[in-house]
Amino acid sequence: MNASDSALPASTLTPPHDRTRRWATLAAVLFLPAAAAAGVLTLASERASRCLTYGERCAPGLPGWLFGWSAAVGAVALVVAVAASAVRIRRAALAVQLLAECTALLVILSHA
C-alpha cells in the first residue's frame, strides 16, 4: 500500500451506491404534486364542498401550524440530506424529510 493511498480526499471515500441525495431531491420535487393532489382530493369530498358552498359541517382538521412546521422541517432536512458529507447523516435527514412530508400531506388530507 502506498502512502498516497491513505491520503485520499473525503469525497472518494463515500460509497458509490449511496443515492440519498437523489432520493431527497426526488422526494422534494414529488411533494408539490402530491400536495396538489391531496388538496384536490380534499376539495372533492362531500363535506369540503358543502363547507365551501354553504359553510356547513366545516371540520377543523389538524392545526395549520403543524403543516408549517412539517414543511419547514422537511425543507431543512432536504438541505442537510443534500449538503452533508457523512452518509449516516444524509440517511437520517432523508428519513426526517420523508416523515415531515408525510405529516404535511396528512394535514392537508385531514381538512376533508
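The values are calculated or read from the model by the stated rules, or taken from the named source; none is laboratory data. Every value quoted in this text rests on a predicted model; they were computed, and no experiment measured them. The accessibility values were calculated without ligands, DNA or RNA, using every heavy atom of the protein model including side chains. Shrake-Rupley method; radii C 1.70, N 1.55, O 1.52, S 1.80 Å.
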Q: Quick one: accessible surface of residue 23, probe radius 1.4 Å, all protein chains present, in square angstrom to the nearest 10.
A: 150
Q. Once amide H atoms are built 1.01 Å from N in the peptide plane, which residues 5 or more positions from residue 58, or in another chain, come under 5 Å H to H?
A. none
